[in-house]
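The next block holds one structure in the form of structure tokens; read it before the comments.
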Amino acid sequence: MDTADLRAWRGLRESATFDRGTIHDIQRAARTGIYHIRGGGAKRAVPHFDDLLFLGASMSRYPLEGYRERCDTDVVLGTRHAAFPLHLAIPVTIAGMSFGALSGRAKEALGRGASEAGTSTTTGDGGMSDEERGQSKHLVYQYLPSRYGMNPDHLRQADAIEVVLGQGAKPGGGGMLLGQKITERVASMRTLPVGIDQRSACRHPDWTGPDDLAIKIRELREITDWEKPIYVKVGASRTYYDVKLAVHAGADVVVVDGMQGGTAATQDVFIEHVGIPTLAALPQAVQALQELGMHRKVQLVISGGIRTGADVAKALALGADAVAIGTAALVALGDNDPRFEHEYEALGTAAGFYDDYQEGRDPAGITTQDPVLQERLDPEAAGRRLANYLRVMTMEAQTIARACGKSHVQHLEPEDLVALTVEAAAMARVPLAGTSWIPGVDGAH
């Protein structure tokens, strides 16, 4: 009889309110007097794309033949104002992750993998690294509240600029980079002291509202001669209003990051209790664009918990133009690889559970600045793994699109979907499976 069975036999029941994880957190807080900081994304279960299903074609619609009929996957981002919008081969991009949070070799691997698959990667807090720019065919430069590493020359070298107002894991909060990851190189790029904890600002220092954002976007366009697309990224919270304000401010592309999005380091209470699920945010963003007559004119990129080609297809069906992945890309590079199981155990965790990215002791050499650990990551091999993963995601999305009779993955639409739960039906605004009922929609039954 194992431990769990023995406890049940003795009549012991775990509290749903004070489960073992909650008790551990209380004891840790009482012992240390410090709130819990970690990386990764939300661990609680929230309505997600898994709660949706596609209606494949049969009689009322004909599917496309997989080997003889085309199903295209390309996407163009930044068509509203930019002279040179990004034309990507696939609708999956790499989200912003900073050099500092990630090793230089990891940034290089992201650039290699994204370029091989025909898509873009994104910088992050701390500026542009030579490794990433050197290996990225399409590189988006993040313009963040901290201004760490901000360099006008790098703005011009980028292929697009992303003005970051928030992240899904911490909308309304700034990021962290703890002192053990502030090496001389990281410190010099960010103009910081070596070895001192860094907390990023939660809002931009030179504006206080959407009118000021419009001025900033015009400044960025002038710096880059109106050539580069300007993205605006928001953490999913008041999504409907935020998207409308971003469009009014002049954004070419709006990026909405749901609460399942990952982070390198922030308070656990933020990750689990601030923001809304990606599934809930996406239809709000689409509604805002539609009401402005700007859906598909201003492109929408959705991120936060995207893992598979099915997730990609569902996001596109609900109205996104593309998706961005972060945590999944790190896993593809080698994060949480079982071959480092013994070392994960020595850190008090296990392969598949490791999220202490803030400590800088990643055995896989990805979320660390330790020169010895970094050497473990081969950027070329890791880049190939990422490219393979991106190709698989794209083929999975194509397979679903063909099954629904679509000749382009962007032709997927809400009527191709049904929901398995009332909650998902209400959030995604698609019918509950087997019915025509969309909760909250007048006249639905």
Send over the per residue convex hull volume for segment 367-445, Cα only, as a whole number of Å³.
157 Å³
Can you tell which of V430, V92, V256 shows the greatest fluctuation in a Gaussian network model of the chain with Cα springs below 10 Å?
V430
In whole Hz, the Karplus estimates of ³J(HN,Hα) for segment 45-52 (6.51, -1.76, 1.60; θ = phi - 60°; x where Gly or Pro) are 7, 10, x, 9, 4, 4, 7, 10
Go ahead and set up a Gaussian network model of the chain, Cα springs under 10 Å, then flag whichever of T183, T32, T224 fluctuates most.
T32
My understanding is that a pair violates if its Cα-Cα distance is over 27 Å; which of K137/K244; K181/K233; K137/K233 do that in this structure?
K137/K244
Which of I23, V422, A364, positive extreme of dipole for the chain (C-beta unit charges)
V422
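If you put +1 on each Lys and Arg Cβ and -1 on each Asp and Glu Cβ, how big is the dipole of segment 330-398 around its Cα centre, in Debye rounded to 20? Mind showing how you got there, number by number?
Details: 6 positive and 14 negative charges, 75 e Å.
Roughly 360 debye, rounded to the nearest 20.
Given the DSSP H assignment, sum -39500 (n - 2.57) over each helix run of at least 4 residues in the chain and divide by its residue total; what's the result at 222 nm in deg cm²/dmol, nearest 500? Write down the numbers at each step before the final one.
Working: 16 runs with 156 residues, N = 445.
The per-residue figure over the chain is -10000 deg cm²/dmol.
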Solvent-accessible area, 1.4 Å probe, carbon plus sulfur percent, for segment 257-402:
55 percent
Quick one: pull the percentage of alpha-carbon pairs in the chain with a separation above 36 Å.
27 percent
Rounded, prolate or oblate: which one fits segment 268-361, using the alpha carbon gyration tensor with axes a ≥ b ≥ c (rounded when a/c is under 1.5, else prolate when a/b beats b/c, else oblate)?
prolate
Quick shape check on segment 172-288: root eigenvalues a ≥ b ≥ c of the Cα gyration tensor, a/c under 1.5 is rounded, otherwise prolate if a/b tops b/c, else oblate, and it reads oblate
Using a Gaussian network model on the chain with a 10 Å cutoff between Cα atoms, which of A236, A313, A83 fluctuates the most?
A83
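What does DSSP give for the chain in terms of the percent of beta bridges that are antiparallel, rounded to the nearest 5? Could you put the intermediate results ahead of the total?
On the way: 11 of 43 bridges.
Here the antiparallel bridges make up roughly 25 percent for the chain.
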Just to check I understand the Karplus step: with θ = phi - 60° and J = 6.51 cos²θ - 1.76 cosθ + 1.60, what whole-Hz values come out for segment 235-244, glycine and proline as x?
x, 5, 8, 8, 4, 4, 6, 4, 5, 4
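Decide, for segment 28-101, between rounded, prolate and oblate: order the square roots of the alpha carbon gyration tensor eigenvalues as a ≥ b ≥ c, take rounded if a/c falls under 1.5, and otherwise choose prolate if a/b is larger than b/c, else oblate. Don't skip to the answer; put the middle values down first.
Details: a/c = 3.77, a/b = 1.62, b/c = 2.33.
Note, shape of segment 28-101 comes out oblate.
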Calculate one ³J(HN,Hα) per residue across segment 9-15 by plugging θ = phi - 60° into the Karplus curve 6.51 cos²θ - 1.76 cosθ + 1.60, and present them in order as whole Hz with x for glycine and proline.
4, 7, x, 8, 10, 7, 6
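Which GluC sites (Glu not before Pro) from segment 285-375 combine a DSSP loop assignment with at most 11 other Cβ atoms within 10 Å? All intermediate terms of the calculation are to be shown ahead of the outcome.
Values: sites: E291, E341, E343, E345, E359, E375; in loops: E375.
For GluC sites (Glu not before Pro) across segment 285-375 that sit outside H, G, I, E and B with at most 11 neighbouring Cβ atoms in 10 Å, the list reads E375.
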In the neighborhood of L177, defined by Cβ-to-Cβ distances under 11 Å, what is the net charge if each Lys or Arg adds +1 and each Asp or Glu adds -1?
+1
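How charged is the neighbourhood of V194? Take every other residue with its Cβ under 14 Å from the Cβ of V194, and add Lys/Arg as +1 and Asp/Glu as -1. Before the final figure, lay out the partial values.
Details: positive: K181, R185, R190; negative: E184, D197.
For residues surrounding V194, the net value is +1.
With every protein chain present, what is the per residue accessible area of the chain (1.4 Å probe, Å²)?
On the way: 19770 Å² over 445 residues.
Accessible surface, normalised per residue, equals 44 Å².
The values are calculated or read from the model by the stated rules, or taken from the named source; none is laboratory data. Note that this is a predicted model, so its numbers are computed, not measured. Heads up, the Cβs are rebuilt from the backbone with ideal geometry, glycines too, and the neighbour counts pull from every protein chain shown. Surface areas here come from the heavy atoms of the whole protein model, side chains and all, with no ligands, DNA or RNA. Shrake-Rupley method; radii C 1.70, N 1.55, O 1.52, S 1.80 Å.
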